[in-house]
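A quick write-up on the structure given underneath.
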Amino acid sequence: MPAGSQPAFPMRRSLFRKNLVTALLLAPAALWLVVFLVLPFVAIAIFSVGERAPEGGYQAALTFAQYANLPARATAFWNTMVLAPVGALACLLVAYPVAYYLALRAPDRWRLILLALIVIPFWTSLLMRTYAWMYILGGRGIPALLAYVGIEDLRLINTPGAVLLGIVYGYLPLMILPIYVSLERLDRRLLEASADLGATPVSTFLGVTLRLSLPGVMTGFSLVMILLLGEYLIPTLLGGGKVFFIGNALVDLFLQSRNWPFGSAIAITLVLVSVVVLIVANRISTRLSGARRVDLI
Amino acid sequence: MTAVPDIEFRAVTKRYGAVTAVSGIDLAIPPSAFVALLGPSGCGKTTCLRMIGGFEQPSEGQVLIRGRDMAGTPPYRRPVNMVFQQYALFPHLDVEENISYGLRQARPRLSSREISQRAGEALSMVQLAGYGRRKIHELSGGQQQRVALARALVNKPAVLLLDEPLAALDKKLRTDMQIELQNLQREIGITFVLVTHDQEEALSMSDFVCVMNGGRVVQLGQPSEIYDEPADLFVADFVGKTNLLSGTVAGLSGDLVDVALADGTVIAARKRVPLSRGEAVSVSLRPESLSLSAPGGGSLKGIVRNRIFLGSTAEYAIEVQGIGSLLAKADHVIGQGNLFQPGEPVAIGFAAGAPLAFPHANNNGTNQREDQNAEILS
Ligand SMILES: Nc1ncnc2c1ncn2[C@@H]1O[C@H](COP(=O)(O)OP(=O)(O)OP(=O)(O)O)[C@@H](O)[C@H]1O
Ligand SMILES: [Mg+2]
């Protein structure tokens, strides 16, 4: 190739232009993230090492007293840490068969309709739908019906079971969709190949179908689990005062007792837990799906 | 062929809704043979293979494997294995795990020592020793092909089914794999059923060719038989190149018929089915059965329109007045080669017994392969 400065210049220029386009394309999202995610996060991080002002709110300081005080909300943490994974798991157990049916068994012309039916409830606010459950489970709902047939004094509302039900109901689509996508993408010939090699339907399901849909399962699971870590509405409406979540603790601390620094410390801890959940989930699905990288969410 | 056939179809029909993919096939595939299912796209080859594998159930009739009716037997209980068209290797397993997949399904369970030993043997059989720990996506297309082959053969099936296994490979690799497949089949001695729409591949690789068309089997025979004695016009046309000349039966004399061609020339042709005087026929004349000489002798006269010199042979497109363009193929002997030039008049002769007459309704008076031949030489 003949030496010369000629080729280098246009190349650098086009590279620059490419970078500029990339930057412009990314700018709106980046701006959004900085204003609505990074800045609030920094503020919360600063709050969390401060002190509560005498009349409530924040007062500058540098202390880890708020973090040391975390055990005061141990129950909320405990409830959240138990119900979030249990809720996500319950969601998964209900969602997998549905996603499996939709992706592999449903007749073609029904598939879109069924998918729509799963997504449509999302168009109504979760608040409304959870209120509906409040009535269904409340004294004048199912217990009243059961009283007719002689089953008296059944308490459904304000129990952990009611919260679990609300969680499964509210988050089901978020679990179904990623699993559906991973099953839909599954090459059907792999299932035939497995059968051809002598695998019974059960071993084909365990060895191929389930295995190859695990990235979708992990995505759904971590998505639901992280949202559940910050859940506030369902425990409030269906759990009464009894099933107290971190989300409820945060509302209480920020809005009622106005202890912003303590609330911030709890929030930061919650974020860290979420990040750990994400990293672990990502690790697992990367390993499960072979060497290839998997992007969660 | 007195032994029990490895695969037998008895009046098998397969319908998909209104589409009849396979209609009334009777077929016995002899044991320990390399058999090619050959036919144009959509003729039902894959459907036949999938009925043997158990992925489709015949709408009517029976499929037997080694004499046993397979109705109601699911794929995982059939003594056959399949090499899928796009290989269908498990992406989450490495090469060795893919190959040992079938062995792990065996009941009673095989010891892990036996599994890894047999997987190792299968790997060396397809010349992939040392590749066991590779991921599937780290293999080339040809290597994936071999893994698919090993994964099927390691189970010691009674019959190996291959659905266009070489279609995705480039020409050089395909030729190598054709030879390798043939060698493997001879070594192992089980029946291979290979689906292909490439007639050259079918002729070169197999002991028997089963030609299919429109959901039916038109001919089952050895490659030379298929080529030399095609059962009907479709086979003559589909397998190998040929010239098809339209004419009418002018006279009958024993095994032969005299056919009057469009230009009035009468040639003697062999027949495969009874023909009657006056019947419209197509006469198949293979390009290599035509001999060219200087004007004077021969049965037909024409003018060379085009020539392709291929080294050992030369192909000519020859314009024959009233008949159309004929394709001729002549051997080329070094030193003796006086190639005919385009524009030169030639006489065309052929050996007695080379022309084959088939009943044909669509008599338009010219070489029906004209377009195709012109295409080949343009
Ligand atoms: N699942 C199906 N549903 C409906 N029709 C089908 C189905 N499978 C095959 N067919 C039809 O049956 C006929 C035979 O198909 P088949 O796949 O056996 O052809 P083929 O000989 O393998 O063709 P190709 O060489 O293109 O693979 C075709 O007309 C095809 O459209
Ligand atoms: Mg096919």
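Computed from Cα atoms, the angle from the helix B:141-153 axis to the main principal axis of chain B rounds to 60 degrees.
So what is the calculated 222 nm ellipticity per residue for chain B, using -39500 (n - 2.57) for each DSSP H run with n of 4 or more, over all residues, to the nearest 500 deg cm²/dmol?
For chain B, the value works out to -7000 deg cm²/dmol.
Only Lys, Arg, Asp and Glu carry charge here, each on its Cβ (+1 for the first two, -1 for the last two); on that basis chain A has a dipole of about 920 debye about its Cα centre. For region A:134-145, backbone phi angles converted through the Karplus equation (6.51, -1.76, 1.60; θ = phi - 60°) give residue-by-residue couplings of 4, 6, 4, 8, x, x, 9, x, 4, x, 5, 4 Hz, Gly and Pro being listed as x. Placing unit charges on the Cβ atoms of the charged side chains and taking the dipole of the protein assembly as shown about its Cα centre, the candidate lying farthest along the positive direction among A:56, B:327, A:229 is A:56.
Using C-alpha pairs below 8 Å separated by at least 6 residues, the relative contact order for chain A is 27 percent. In region B:20-70, if the dipole is taken from +1 on Lys/Arg beta carbons and -1 on Asp/Glu beta carbons about the Cα centre, which of B:54, B:36, B:67 is farthest to the positive end? Comparing the listed Cα positions along the dipole, B:36 ranks first. Our compactness index for region A:102-251, the C-alpha radius of gyration over the empirical 2.2 N^0.38 Å, is 1.34. Backbone amide hydrogens, once placed in the peptide plane, bring residue B:346 within less than 5 Å of B:302, B:303, B:304, excluding anything fewer than 5 places away on its chain.
Taken along the Cα-to-beta-carbon direction at a fixed 7 Å, the label points for residue A:38 and residue B:167 span 5.2 nm. Our coupling estimate for region A:22-33, obtained by passing each phi through the Karplus curve with A = 6.51, B = -1.76, C = 1.60 and θ = phi - 60°, is 4, 4, 5, 5, 7, 3, x, 5, 5, 4, 3, 5 Hz, Gly and Pro reported as x. Amide H to amide H distances under 5 Å link residue B:219 with B:211, where only residues 5 or more positions off or on other chains count and H is placed in the peptide plane.
For region B:7-233, taking the reciprocal of the average inverse distance between every pair of different Cα atoms yields a Kirkwood hydrodynamic radius of 18.1 Å. In straight-distance terms, cross-link reach from residue B:45 covers every one of the lysines whose alpha-carbon lies under 19 Å from its own, apart from those fewer than eight places away in the same chain; here that gives B:14.
Accessible area buried by the pairing of A and B, both sides summed with a 1.4 Å probe, works out to roughly 2000 Å².
Go ahead and collect, in residue order, the members of region B:185-217 whose backbone nitrogen is under 16 Å from a label point 7 Å along the Cα-Cβ direction of residue B:229. The answer is B:208-211, whose backbone nitrogens lie closer than 16 Å to the label point.
As a ratio to 2.2 N^0.38 Å, the alpha-carbon radius of gyration for the protein assembly as shown is 1.43. The orientation-averaged shadow of the Cα convex hull for chain A, equal to a quarter of the hull surface, comes to 26.7 nm². Between residue A:119 and residue B:129, the FRET efficiency from the beta-carbon distance, with R0 = 45 Å, is close to 0.30.
Counted by Cβ distance under 12 Å from residue B:44, the other residues give a net charge of +4, where Lys and Arg count +1 and Asp and Glu count -1. With a simple spin-label model that places each label point 7 Å from the Cα along the Cα-to-Cβ direction, the separation between residue A:127 and residue A:283 comes to 4.0 nm. Taking Cα centre as origin and charging only the Cβ of basic (Lys, Arg, +1) and acidic (Asp, Glu, -1) residues, the dipole magnitude of region B:7-233 rounds to 1120 debye. The angle separating the long axis of helix B:171-188 from the principal Cα axis of greatest extent in chain B is about 60 degrees. For region B:326-334, putting each phi into the Karplus relation 6.51 cos²θ - 1.76 cosθ + 1.60 with θ = phi - 60° gives couplings of 10, 9, 10, 10, 10, 5, 10, 9, 4 Hz, in residue order, rounded to whole numbers and with x for Gly and Pro. All other residues whose Cβ lies under 9 angstrom from that of residue A:258 are scored, Lys and Arg at +1 and Asp and Glu at -1, for a net of 0. Less than 5 angstrom separates the built amide H of residue B:22 from those of B:14, all sequence-distant by 5 or more or on a different chain.
Using the crude model of +1 on Lys and Arg Cβ and -1 on Asp and Glu Cβ, and no other charge, please compute the dipole size for region B:1-90 relative to its Cα centre, in debye to 20. Can you show the working numbers first?
Details: 9 positive and 6 negative charges, 34 e Å.
I would put it at about 160 debye.
The values are calculated or read from the model by the stated rules, or taken from the named source; none is laboratory data. In this text the structure is predicted, and so the values were computed from the model without any measurement. With ideal geometry, Cβ positions are generated from the backbone for all residues, glycine too; neighbour counts draw on all protein chains shown. Protein only, heavy atoms only, side chains kept; ligands, DNA and RNA dropped before computing areas. Shrake-Rupley method; radii C 1.70, N 1.55, O 1.52, S 1.80 Å.
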